[in-house]
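Engineer: Dropping a structure here in structure tokens format, bear with me for questions.
A short reminder: the numbers here are calculations on the coordinates, not readings from a lab. Everything quoted here is computed from the prediction, not taken from an experiment. Counting neighbours? That spans all protein chains shown, and the Cβs are built from the backbone with ideal geometry, glycine included.
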Amino acid sequence: MNLTPQVIEEFICFQRNEITESIVYERLASIEKDESNRHVLKQISQEEKAHYSVLKRYTGRDVAPDRKRIAKYYWLARILGITFAIKLMEAGEDNAHKNYAQYSDCPDLLRLSQEEEVHEERLIGLINEERLEYMGSVVLGLNDALVEFTGALAGFTLALSDPKLIALTGSITGIAAALSMASSEYLSTKSEGGEGKHPVKASIYTGIAYLITVVALVSPFILLQNSLVALAVMLAVALLIIALFNYYYSVARGESFRKRFTEMAVLSFSVAGISFLIGYALKAFTGIDA
């Protein structure tokens, strides 16, 4: 190969990426409870370190890892689960595979390209995480709360006007709905034989997802004095929740973010708009000014 200064610098970037990912996989292995998963993570860590050594033969340099990136993926795994962290790492593996494949005149880099591609395949079948097993229950609670509760609060806004009264009414409605959803999920999971899920855990995941959404959506009406401003902030919070959750879900499940986000946002805001109009119509029809 013609190792120009530009190629050397690019190889040094590859080196830093390899040693960084080696340490990341080693750290993830240290917090993984499943023995088979831990074994695969350790093996991949060793292979990444071997890739670093191959690249070092070309650059002749030792390269320090990216400590910030190591900390990022370690804490993402701690907070959001090892699946989420690994799926983000997969994107890096895919980029490494493409970068190495550009150097078709170097057998060593072609081999590294093939090994990076294998990494992704092995990682896809790696994880068996409880939080993902119960993702369906979380989706149920979150989606139901967003669709029903944005609509309810929008309707209460014109029907009741007073933000504190809206918050009180919404909280009572939300807590009751969360308990109802949790109970329904328990009965549904139990009647279906669980499908690998424990009915009590499924109901807890659903109930907690619903309650967290209720608290987030009611908060603007507690903190703000103007009910219409509170409604606008509530809708912004709902959009943020939809975006954050669907980003997490799309990464962890490997699905399209745009499709899920658009579907959930359109559904929630359509219900909110219809409920707002119903609240206005009922207020005008009944003549009640709360």
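Engineer: For helix 35-59, report the angle its Cα long axis makes with the longest principal axis of the Cα atoms of the chain; keep it between 0 and 90° and round to the nearest 10°.
Structural biologist: 50 degrees
Engineer: Can you list the lysines whose alpha carbon sits under 20 Å from that of K68, skipping same-chain ones fewer than 8 residues off?
Structural biologist: K49, K87
Engineer: May I pose another question? Sorting F269, F14 on the 10 Å Cβ count, fewest up front, what's the list?
Structural biologist: Working: F269 19, F14 22.
Going from least to most buried by this count: F269, F14.
Engineer: Taking R0 as 45 Å, what FRET efficiency do you get between Q43 and V229 from their Cβ-Cβ distance, rounded to the nearest 0.05?
Structural biologist: 0.20
Engineer: Tell me the angle of helix 199-223 to the major Cα principal axis of the chain, expressed in degrees between 0 and 90 and rounded to the nearest ten.
Structural biologist: Tilt relative to the chain: about 70 degrees.
Engineer: Pairing the Cα long axis of helix 5-31 with the longest principal axis of the chain, what angle in degrees results, from 0 to 90 and rounded to the nearest 10?
Structural biologist: Approximately 60 degrees, to the nearest 10.
Engineer: Neighbour counts of other C-beta atoms within 10 Å: give me K197, K164 arranged from fewest to most. Please list the in-between numbers first.
Structural biologist: On the way: K197 20, K164 12.
Fewest to most other Cβ atoms nearby, the residues stand as K164, K197.
Engineer: Let me ask you something else. What length, rounded to one decimal in nm, is gained on full extension from S53 through to W75, with 0.36 nm per residue of separation minus their alpha-carbon distance?
Structural biologist: Details: separation 22, 0.36 × 22 = 7.92 nm, distance 2.71 nm.
Taking S53 through W75 to full extension adds about 5.2 nm, to one decimal.
Engineer: Please compute the Cα-Cα pair-distance distribution of segment 131-286 with 10 Å bins starting at 0, giving whole percents from short to long.
Structural biologist: Percent of Cα pairs in each bin: 12, 37, 33, 15, 3, 0.
Engineer: Compute from the Cα atoms of the chain the Rg and the Dmax, the latter being the longest Cα-Cα distance, and quote both in angstrom.
Structural biologist: My reading of the Cα-based Rg and Dmax gives 25.2, 84 Å.
Engineer: Could you give the nm distance between label points at L282 and R253, where each point is 7 Å from its Cα heading toward the beta carbon?
Structural biologist: The two pseudo-label positions are separated by 3.2 nm.
Engineer: Taking neighbour Cβ counts within 10 Å as the exposure measure, how do F84, F261, F221 sort from fewest upward? Please list the in-between numbers first.
Structural biologist: Numbers: F84 22, F261 19, F221 29.
Ascending number of Cβ neighbours within 10 Å: F261, F84, F221.
Engineer: How much length is gained if the chain between A64 and K190 is pulled fully straight, taking 0.36 nm per residue apart and subtracting their Cα-Cα distance, in nm to one decimal?
Structural biologist: Numbers: separation 126, 0.36 × 126 = 45.36 nm, distance 5.25 nm.
Once the chain is fully extended between A64 and K190, it gains 40.1 nm.
Engineer: Most fluctuating residue of E48, E35, E255 in a GNM of the chain with Cα springs under 10 Å: which is it?
Structural biologist: Ranking E48, E35, E255 by mean-square fluctuation puts E35 first.
Engineer: Tell me the label-point distance for the pair Q114, S180, using the 7 Å Cα-to-Cβ offset, in nm and rounded to one decimal.
Structural biologist: 6.0 nm
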